[in-house]
Each structure stands twice: as structure tokens, then as C-alpha cells.
Ligand SMILES: [Mg+2]
């Protein structure tokens, strides 16, 4: 599989806000915004997460740790990761959620809830 980014084309540095803007422009250019309701975006996010899960579904735990060793499987995983992130970023956009701030706040809470050196809880 050929990597479309494996060339000499100069690109702007990647950042979440820029990628969200490109996703919004992509949807707007195709008049897809009416379909990008929070409900539809959450459903699409769930479908894409399931497509990612499908790749791992019948692998043993050991096989799952080597999933990126096969170039075709690695490409499928990377493609589904992109789909999941695309819908998550679009959902954040329509809901007005800053994904990086939300993640930072969650990590802060988890560091407080689960101090290092303590036994792992049954269900975090
Ligand atoms: Mg997909």
C-alpha cells in the first residue's frame, strides 16, 4: 500500500484546529452540514470504532500486539483510526467541546482518582 504522505510535497504542520477546519470545509463544500447533527456524528463515531474493533475481533492478545507488523493490516488500522478521529473532531466542533482541554481535564481527574502505586481498581 502506498502512503499518500510519503512524498516531497511541502505541508503545513498538523494541528487539531486546522484539521477540524479542513473537515468542516470538506463537509460544507458538499452541503453535508445538515447531516452532521450530534446524533448522526455520534452514530458515525460508533460505527467507525466498531470497524476498528473488527480488525482485532478474533486476534489473540499476542496477535493484537503485532497488528502493525503486517503492512496491509497496519494500513487498515491507521485508516480506521483516522475515521474515528475525524468523527470525534466533528462531534467536538458541533458541540463546542475543546478536545484537548477535555482530555487534559480527564487526565487530571484520573491522576487524582487513581494515585500511582495503588492497586488497580476493578472498573476504572
Ligand atoms: Mg471506516
If we ask which residues in region 45-55 are more than 9 Å from the ligand (Cβ to nearest atom) and either surrounded by 14 or more Cβ atoms within 10 Å (Cβ to Cβ) or farther than 15 Å from residue 77 by Cβ (or both), their number turns out to be 4
Considering residues that are closer than 26 Å to residue 16 by Cα and either away from the ligand (no atom under 15 Å from the Cβ) or touching a helix residue (DSSP H, G or I) at 6+ places or on another chain (Cβ under 9 Å) (or both), the number found within region 68-78 is 6
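Given the residues 101, 64, which is the only one that is away from the ligand (no atom under 13 Å from the Cβ), out of contact with any helix residue (DSSP H, G or I) (no Cβ under 8 Å at 6 or more places or on another chain) and part of a helix (DSSP H, G or I)? Don't jump to the end; show me each part of the working.
Values: 64 fails: out of contact with any helix residue (DSSP H, G or I) (no Cβ under 8 Å at 6 or more places or on another chain).
Testing whether each residue is away from the ligand (no atom under 13 Å from the Cβ), out of contact with any helix residue (DSSP H, G or I) (no Cβ under 8 Å at 6 or more places or on another chain) and part of a helix (DSSP H, G or I) leaves just 101.
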Exercise for the section: Could you tell me whether residue 86 is in contact (Cβ under 8 Å) with a residue 60 or more places away in the chain, more than 16 Å from the ligand (Cβ to nearest atom), surrounded by 14 or more Cβ atoms within 10 Å (Cβ to Cβ) and within 18 Å of the chain's Cα centre (by Cα)? Expected result: no
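No lab work stands behind these numbers, since they all come straight from the coordinates. In this text, all values refer to a predicted model and were calculated from it rather than measured experimentally. Glycine also receives a Cβ, built like all others from the backbone with ideal geometry; neighbour counts cover every protein chain displayed.
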